[in-house]
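Asker: Questions regarding the structure given below will be posed in turn.
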Amino acid sequence: MTLLRVENVSKSFGGLKAVDQVSLELRKGEILGIIGPNGAGKTTLFSIIAGSMPASAGAVFLGERRLSGLRANGVVAAGVVRTHQIVRPFTNLTVLENVTVGAMFGSPSTRHNPRARAHEELAFVGLAERAHHLPAGLTLVARKRLELARALATGPKVLLLDEVIAGVNPVEAIEMTKLIRVIRDQRGISIIMIEHILAALMSVSDRVVVLDYGKKIAEGKPAEVVRDAKVITAYLGEEHAKSNGGIRGPAAENSP
Amino acid sequence: MSTWRQFIPEWLSPAVLAVFVAAAAVLHALPYVVALSPYDHNQLTLAFLFIATALAWNWIGGFAGQISFGHAAMFGVGGFAAARALQMQVAPFWVPWLLGGLVAGAYGLAWGHPTLRLRGPYFSIATIGVGEATRLVLTYWQGFTGGASGLALPINAQLKYSLYWYALYFLALVAIASYAIRNSRLGLGLLSIKSDVEAAADVGVPVVFCQDLVLFLSGAVVGVAGGIYASYFSFIEPSDMFGFDRSISFVLMAVIGGVGTVFGPGLGAVVFVLLRQFLIASYPQLYLGLYGLLLVLVVLFEPLGISGLIFRVARRLRPHRGAT
Amino acid sequence: MARGLELLLSAVLLAGLYAMMAYGLGLIYGVLRIVNLNHGGMIMVGAYLGWYLHERAGIDPYLSLPIAAVVGFATGVVIYGGLVRYLPRGPAGGVQSLLLLFGVWLVLRNVAYLQFTGNDQAIRTDYSTKAVVVLGSALSLNRLIVFALAALLLVALDLLLTRTYLGKAIRAVAQNADSCRVAGIDVERIYTFTFGFGTALATMAGLLLGTLFPFNPTFGAGELLKSFVIVVLGGLGSVLGTAVAALILAIVEVFAILLLPAYLTGAVGFVLLVLVLIFRPGGLFGQRVLG
């Protein structure tokens, strides 16, 4: 059953087409991965879905409800929330207060006891002991968890994760991946994730969409997409596509 | 003690409540207990007004982080609206004050709604324009302000004496509101807007609504203060009510006292009033320069002003966790 | 019709001065990302400087321009090096720099008040009231000279920014200060220079304004606002953009005085600002000044 629908969305900045007629669907309970070389328009697409940027053309729907045209806070109220590629905690608030903002202003279901909700989310991501610290004192991975907790506190149906795993060490990456699975399995939240760490993304996604130069060039199960010639060309250039290889993440290289 | 607690809202700390009630009681009783000269009595009345305006300015300047250099516009609009209502003998006398507040708040909302989308310095410069444009246009609107020569109200010595208590309770309300806003959903929303407006919207904070609401409230309070001010002097004129110097005074009081803290601006207002007394007596022509110097010093050495100094001392005495 | 042409010409003349004045604000913002709230203060200083040199030393105000430039530059360097430098850069520094420079403005206002009293002054020379006939319209000689000087300065500024090493360094820092550091450019020095230049421009503009309008210590607030409108309208970076925006503002102003009752003309600057900010926050040339 389709939960989120992106229909023919385009975005131009002056003469540059950052997103070019992209359509995709997120099914309920699914984890959809989005990959693509730098500058492919992935984060721009997220900004459009989340309502922080208007599309130049096309529309986004959550079920029957049209999300396009809503302001960012309206999209959150409808049940779709995003995290940022470069984390943006509220530096003047404590960790607990950061998450409380999400609980207080998210979708109506979370608002009646926001502080309790905030404590729960902090416990869920493992930041309970840091509740009264300022974000400035946190490591990068802790700040990513904070951003995740804050987003979860809004009580979303759809979670847009923008490179939540990139930049942390492999052990932490595995922890994060587990957490993402739990979010889907135990909390019933559907997820779209952008990720550069292909191994992580491939291992957790049900389906993958590939963007290049703003266009969708491939879509399907991770194993299929990785062997798609267009995708290989986009990442590695034409010669590699001609040889029989596929795109392999670091984990694949280590296996016999 | 635990049964007591039930009656106090969760966000209100008993210590703060106790201090507040004690202060209100002391100030209420003061004129009965101590023989205050009329001058001191009146100066206290004015001080209460200034403290209230500083606290209210801080809601938009400190909590939301949008520095307004044009708040005199609401002070003047409220003051003249109240004065006109008083002239028309709208009774009882505090109704014109409320009216002034509503009109001022609405005015704030009118210019604020489009301008609040600007961030930081852009908003601030726009407010300089608001203040000046309001002054220029309304000075010539004789029907409202009586032109450059201003409006005179019938003098009522008894009312002026009792203004002390009206101003005190007005201040009490504003102080409670300040504390409540800071600890409420609105307050947290404003602080998140102040930190990162886009990220705030991305987690559901209704940015436009929060900013509009707080500017309305801030403007309304400042407008009521303008009305009480009109009753106090029985005479008001545009150049004083709408002047840039008046807008500056709001900024100064809050910054010197601690912009963004709950009660800091109140401290700043007290310092401001005392300083003014001293300067008017000894060096009347130096006050602007001194204020400018204070601003520079606060920004360079202690961004939270007097409150910052107090926090530093408190931290020495009692190592504390956590933030703001 | 002839009146219309006369107004149009006087608007053009004023626009040159406005452009130069606005550029001082825009330069500092473009490079340091700081809004110089003391811009109005330095304009006021420039006016008084010209008046003082004329009254006490008999120097023709237009010949004092180089002095104003030097005084302005030095003041800017001192303000930057002594105060602004210590502020955190970026959004956290925004409010701080605003308040700091505002504080400096207040101090300058007070100093001017102590030295010169609060009364209106004006710089009057023997030829202040002379007029020259151009295209059938009588134009004030003062305004013509001011225009010529402002235009000259703007051209010189443009050449400086595009043809010299210093100019290129300034533009590079405006684009990306971090890359410049890596490339070996002394970014702090550029910041200091730019703040000095911007302040010098404001001071010179103030002197020229002083030859056209009466002034007192509160002078400068309106000019700050106008400069801001021009910077937002014209975007940052191009002298041409600033010039066009200045022209638009001058024309709107001149015709507002003609068409509107006196008490509304003061609101023109602000209304224009709000309109521009709502409808074209990217300026006429699409260069984003905001956000």
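The values are calculated or read from the model by the stated rules, or taken from the named source; none is laboratory data. Everything numeric here is computed off the predicted structure, so don't read it as measured data. Here Cβ is always computed from backbone atoms with ideal geometry, including for glycine, and neighbour counts include all displayed protein chains. Heads up: the accessible areas ignore ligands, DNA and RNA and are worked out on the full protein's heavy atoms, side chains in. Shrake-Rupley method; radii C 1.70, N 1.55, O 1.52, S 1.80 Å.
Asker: Given the conditions (1) without any contact (Cβ under 8 Å) to a residue 40 or more places away in the chain; (2) within 14 Å of chain B (Cβ to nearest Cβ); (3) open to solvent by less than 20 Å² (accessible area, probe 1.4 Å), and given that residue A:153 satisfies all but one, which numbered condition is not satisfied?
Answerer: (1)
Asker: In the list A:121, A:64, A:97, A:172, which residue meets the criterion of being open to solvent by 70 Å² or more (accessible area, probe 1.4 Å), out of contact with any strand residue (DSSP E or B) (no Cβ under 7 Å at 6 or more places or on another chain) and either modelled with pLDDT of 95 or more or not hydroxyl-bearing (Ser, Thr, Tyr) (or both)?
Answerer: A:64 is the lone residue from the list that is open to solvent by 70 Å² or more (accessible area, probe 1.4 Å), out of contact with any strand residue (DSSP E or B) (no Cβ under 7 Å at 6 or more places or on another chain) and either modelled with pLDDT of 95 or more or not hydroxyl-bearing (Ser, Thr, Tyr) (or both).
Asker: Counting residues that are more than 13 Å from every other protein chain (Cβ to nearest Cβ), which helices (runs of 4 or more DSSP H) fully inside region B:215-324 reach at least 2?
Answerer: Hits in region B:215-324: B:238-241, B:244-257, B:264-282, B:305-317.
Asker: Let me ask you something else. State which residue pairs qualify: first residue at the interface with chain B (Cβ under 9 Å from one of its Cβ atoms) and hydroxyl-bearing (Ser, Thr, Tyr) and inside region A:103-127, second residue in a helix (DSSP H, G or I) and open to solvent by 10 Å² or more (accessible area, probe 1.4 Å) in any location, beta carbons under 8 Å apart, and separation of 6 or more residues or different chains.
Answerer: Every condition considered, the pairs that remain are A:107/A:77.
Asker: Something else: So how many residues does region C:58-110 have that are among the hydrophobic types (A, V, I, L, M, F, W, C) and closer than 23 Å to residue B:125 by Cα?
Answerer: Here the count works out to 16.
Asker: Looking at B:72, B:106, which is the one that is in contact (Cβ under 8 Å) with a residue 40 or more places away in the chain, among the small types (Gly, Ala, Ser) and in contact with a helix residue (DSSP H, G or I) (Cβ under 6 Å, 6 or more places away or on another chain)?
Answerer: On inspection, the qualifying residue turns out to be B:72.
Asker: From the list B:263, B:209, which residue is surrounded by fewer than 23 Cβ atoms within 10 Å (Cβ to Cβ) and without any contact (Cβ under 8 Å) to a residue 12 or more places away in the chain?
Answerer: The unique qualifying residue is B:209.
Asker: Just a yes or no: is a residue in region B:192-203 more than 14 Å from chain C (Cβ to nearest Cβ), of a type outside the set (Gly, Ala, Ser) and surrounded by fewer than 23 Cβ atoms within 10 Å (Cβ to Cβ)?
Answerer: Taking every residue of region B:192-203 in turn, none turns out to be more than 14 Å from chain C (Cβ to nearest Cβ), of a type outside the set (Gly, Ala, Ser) and surrounded by fewer than 23 Cβ atoms within 10 Å (Cβ to Cβ).
Asker: Further question on the same structure: Could you tell me whether any residue of region C:201-211 is open to solvent by 30 Å² or more (accessible area, probe 1.4 Å) and either more than 27 Å from residue B:147 (Cβ to Cβ) or in contact (Cβ under 8 Å) with a residue 40 or more places away in the chain (or both)?
Answerer: Among the residues of region C:201-211, not one is open to solvent by 30 Å² or more (accessible area, probe 1.4 Å) and either more than 27 Å from residue B:147 (Cβ to Cβ) or in contact (Cβ under 8 Å) with a residue 40 or more places away in the chain (or both), which makes the answer no.
Asker: Moving to a separate point now. Which is under 16 Å from residue B:79 (Cα atoms) and either among the aromatic types (Phe, Trp, Tyr) or within 14 Å of chain C (Cβ to nearest Cβ) (or both), of B:163, B:138?
Answerer: One residue alone meets the criteria, B:138.
Asker: Here's a follow-up. Quick one: which helices (runs of 4 or more DSSP H) sit completely within region C:25-119 and have at least 3 residues that are away from chain B (no Cβ under 11 Å)?
Answerer: Because the criterion is at least 3 residues that are away from chain B (no Cβ under 11 Å), the helices (runs of 4 or more DSSP H) in region C:25-119 that meet it are C:39-57, C:65-82.
For every residue, the table says whether it meets (1) in contact with a helix residue (DSSP H, G or I) (Cβ under 6 Å, 6 or more places away or on another chain); (2) more than 14 Å from chain B (Cβ to nearest Cβ).
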site	(1), (2)
A:40	no, yes
A:53	yes, no
A:59	no, yes
A:77	no, no
A:89	yes, no
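Asker: Still on this structure: Take region C:234-266 and flag every residue that is in a loop (DSSP other than H, G, I, E, B) and open to solvent by 40 Å² or more (accessible area, probe 1.4 Å).
Answerer: Matches in region C:234-266: C:237, C:238, C:260, C:261.
Asker: Any residue at all in region C:184-192 that's among the acidic types (Asp, Glu) and either open to solvent by less than 30 Å² (accessible area, probe 1.4 Å) or touching a helix residue (DSSP H, G or I) at 6+ places or on another chain (Cβ under 7 Å) (or both)?
Answerer: no
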